[in-house]
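Working notes for the structure below.
The values are calculated or read from the model by the stated rules, or taken from the named source; none is laboratory data. In this text the structure is predicted, and so the values were computed from the model without any measurement. Note that each Cβ is placed from the backbone with ideal geometry, even for glycine, and that neighbours are counted across all protein chains shown.
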Amino acid sequence: MNVDVSIARCENYEPQAVKDALLAVLAPINGLDWVKPGMKIAVKANLMMHMKPEKAATVHPQVAAALCELLIERGARVVLGDSPGGPFSAAYLSSIYSTTGMREVLRTGATLNDDFSITDVSNPNAVAAKEFQVTNYLIKADAVVDLCKIKTHGLMAYTGACKNFFGAVPGMRKSEYHYRYSTHEQFANMLVDLCEWCKPRLSIGDAIIAMEGNGPSGGTPRRMGAILASFNPHALDLAAAHLMNLGVTDVPTLQAAFERGLIPEDVSGLHLYGDLASFVIPDFKLTPKHDVKLWGPKNPVLAKILTKLFASRPGIDLDRCVGCGECAAVCPAKAIRVVNRRARIDDAKCIRCFCCQEFCPKGVIRVHRTFTARLIDKLK
């Protein structure tokens, strides 16, 4: 188990500052020594939706460009891509590349993925996702570099290097996965399965400007001033989550990775390069926590009662909703419809996957905790 994690300071997205910070974060772990001339490298960036870089929902284009430049300087052929929520098609991805600023990487000699073919994968050793589909540009590469954005997440509490590989699943198929893996534990194990199958050769986290609050798309940019790097995506996530005051038991993907022996129980077990503690933000705003599951599958009546009393669910700020219908389009349970230009959620159909919250372009859907759950917190 490789537990090396490097962190370096970077206060802004000025091109030279970013490149210098990448060199600084990679040097202690010899992060690019494995790159050989002629190697085809796929950079899997987090480009989750149509959002400009300053919103901090996607990897910043200057980080992507600096990374591509370093790889190309070593003789690699680089293609950058993602499959965000929406159609996995040339027209849709072209608009994503433009809005997120990713065309910046073209100046380095890298290309943007234009291969929209997919492959069905059998993964019998997986815990959850024993069969899935993967975008072919990742399969065709000699190595994959995981370039993630450090953010809060409505469903998983935190998103970074591991969750980034949900973008290996093509387009609209993601909704099917939310429906198939409908508990936090199942969904987290599916994400770890995908990440482990893709086997990133290196993971890099853009935390120069992170996202706090209603992440991963509707939160608030927050300066963290850091870039992280590791050969172990789960170790990077453990370190980055610590900067938000989150640990293994707070983040389902970290819990799943720990149970598989992929990371230690806490950051004290990591081999750290750089002063991790100096980057911790004590008042970092998180999404409301999901309540601990208090029941088992053997008592469905009790489960239903306790779910109603305690389970977090998406809530819509109707005063700010514009009725665009994006939430209804991505809802795997078809639990949302737009009435009088306002989105409405059918609680009886909702599976609490928080797809709507993740992809709401206006950030008006939040994780809502029940009155009972909030009352119990006050009594603790």
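State whether the residues of the range 42-53 include one that is buried (at least 23 other Cβ atoms within 10 Å of the Cβ) and of a type in the set (K, R). Yes, the range 42-53 contains a residue that is buried (at least 23 other Cβ atoms within 10 Å of the Cβ) and of a type in the set (K, R). On inspection, A129 qualifies as within 19 Å of P233 (Cα to Cα) and surrounded by fewer than 24 Cβ atoms within 10 Å (Cβ to Cβ). Considering the range 12-33 alone, what residues qualify as being more than 18 Å from D275 (Cα to Cα) and part of a helix (DSSP H, G or I)? Correct list: P15, Q16, A17, V18, K19. Taking the criterion of being surrounded by fewer than 21 Cβ atoms within 10 Å (Cβ to Cβ) and charged (D, E, K, R), the residues of the range 193-209 that qualify are K199, R201.
Conditions tested, residue by residue: (1) within 17 Å of P282 (Cα to Cα); (2) crowded, with 24+ Cβ neighbours inside 10 Å; (3) without any contact (Cβ under 8 Å) to a residue 12 or more places away in the chain; (4) in contact with an Asp or Glu (Cβ under 7 Å, 6 or more places away or on another chain).
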site: T220; (1), (2), (3), (4): yes, no, no, yes
site: N232; (1), (2), (3), (4): no, no, no, no
site: N245; (1), (2), (3), (4): yes, no, no, no
site: Q255; (1), (2), (3), (4): no, no, no, no
site: S268; (1), (2), (3), (4): no, no, yes, no
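As for the range 101-109, it holds at least one residue that is within 19 Å of the chain's Cα centre (by Cα) and aliphatic (A, V, I, L, M).
Every residue, every condition in (1) farther than 23 Å from S217 by Cα; (2) of a type in the set (D, E); (3) outside the structural domain of K36 (by TED's automatic domain parsing), yes or no:
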{"position": "L112", "(1), (2), (3)": "no, no, no"}
{"position": "V121", "(1), (2), (3)": "yes, no, no"}
{"position": "Y137", "(1), (2), (3)": "yes, no, no"}
{"position": "V145", "(1), (2), (3)": "no, no, no"}
{"position": "G154", "(1), (2), (3)": "no, no, no"}
{"position": "C162", "(1), (2), (3)": "no, no, no"}
{"position": "F165", "(1), (2), (3)": "no, no, no"}
{"position": "K174", "(1), (2), (3)": "no, no, no"}
{"position": "E185", "(1), (2), (3)": "no, yes, no"}
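T135 meets each of the listed conditions (1) surrounded by fewer than 18 Cβ atoms within 10 Å (Cβ to Cβ); (2) under 23 Å from F231 (Cβ atoms) apart from (1). Does L236 meet the test of being of a type in the set (A, V, I, L, M, F, W, C), over 17 Å from N164 (Cα atoms), at pLDDT 95 or above and out of contact with any His (no Cβ under 7 Å at 6 or more places or on another chain)? Answer is no for this residue. For the range 60-85, which positions are under 19 Å from P170 (Cα atoms) and either assigned to a helix (DSSP H, G or I) or in contact with a strand residue (DSSP E or B) (Cβ under 8 Å, 6 or more places away or on another chain) (or both)? Scanning the range 60-85 gives V79, L80, G81, D82, S83. Taking the criterion of being within 23 Å of A168 (Cα to Cα) and β-branched (V, I, T), would at least one residue in the range 42-56 satisfy it? Yes.
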